[in-house]
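The values are calculated or read from the model by the stated rules, or taken from the named source; none is laboratory data. None of these values were measured; they are calculated from a predicted model. Every residue, glycine as well, gets a Cβ built from its backbone with ideal geometry; the counts of neighbours run over all protein chains shown. Keep in mind that these areas ignore ligands, DNA and RNA; they rest on the heavy atoms of the full protein, side chains included. Shrake-Rupley method; radii C 1.70, N 1.55, O 1.52, S 1.80 Å.
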Amino acid sequence: MSHHVPDHGDWIAVCDGATALLLENRGDHGAIHLVTREIFKQDNPLTHEQGTSPPGRTNSAHGGRRAAMEGSDYHLQAEEAFLHRFAASLDAHVRSKQIPALHLIAPPRALGILRKQLSDATREVVAGELAHDYVKLPLDEIERRLIAPDRG
């Protein structure tokens, strides 16, 4: 799905794996004015800070060889859980008719995870997507980049 400039009343979900901003455009095409509706945050330390045990080992059924098992990526699991909760919140807003149109902005990996978590009702109101990391930008910079998305 491509990007287009949000209309008056459209909502914009700007997120990564640990922070999400739910914004509403109270301006128009010529003058976007974003207002924060909700902020979602999650503390998500790096995987090596979360796991304390080394990956396990397994014995092969043939020949008695031992092999290392893949370690868990706790950081990715936490991102997926966070984006799942955020998608549920978006769905609640869509079902209560608060969101007429939704624009998604997230880094590529987070955008892919979020897409999978969206309900059919929420997918129907998605008007555009940008695969960029804008979550740490001030609102005025997000507004500028929504008008000219190639800047970032």
Pair list, Cβ < 9 Å and 6+ apart or interchain, from the stretch 100-126 residues that are in contact (Cβ under 8 Å) with a residue 60 or more places away in the chain to residues that are of a type in the set (Lys, Arg): Leu104/Arg115; Ile105/Arg145; Val126/Arg115
Residue that is out of contact with any Asp or Glu (no Cβ under 6 Å at 6 or more places or on another chain) and modelled with pLDDT of 95 or more, where the choices are Leu83, Leu76, Leu22: Leu83
Residue count, the stretch 128-152 (criterion: open to solvent by less than 30 Å² (accessible area, probe 1.4 Å), aliphatic (A, V, I, L, M) and out of contact with any helix residue (DSSP H, G or I) (no Cβ under 6 Å at 6 or more places or on another chain)): 3
Selection status of Ser96, modelled with pLDDT of 95 or more and open to solvent by 60 Å² or more (accessible area, probe 1.4 Å): yes
Answer residue from the stretch 94-110, given it is part of a helix (DSSP H, G or I) and over 13 Å from the mean Cα position of the chain (by Cα) and is nearest to Val14 (Cα to Cα) among those: Val94
The stretch 68-93, residues that are touching a Pro at 6+ places or on another chain (Cβ under 9 Å), open to solvent by less than 70 Å² (accessible area, probe 1.4 Å) and either assigned to a helix (DSSP H, G or I) or acidic (Asp, Glu) (or both): His75, Ala78
Subset of the stretch 4-18 [within 11 Å of the chain's Cα centre (by Cα) and in a loop (DSSP other than H, G, I, E, B)]: Asp16, Gly17, Ala18
Residue check, Gln117 within 18 Å of Lys41 (Cα to Cα) and modelled with pLDDT under 90: no
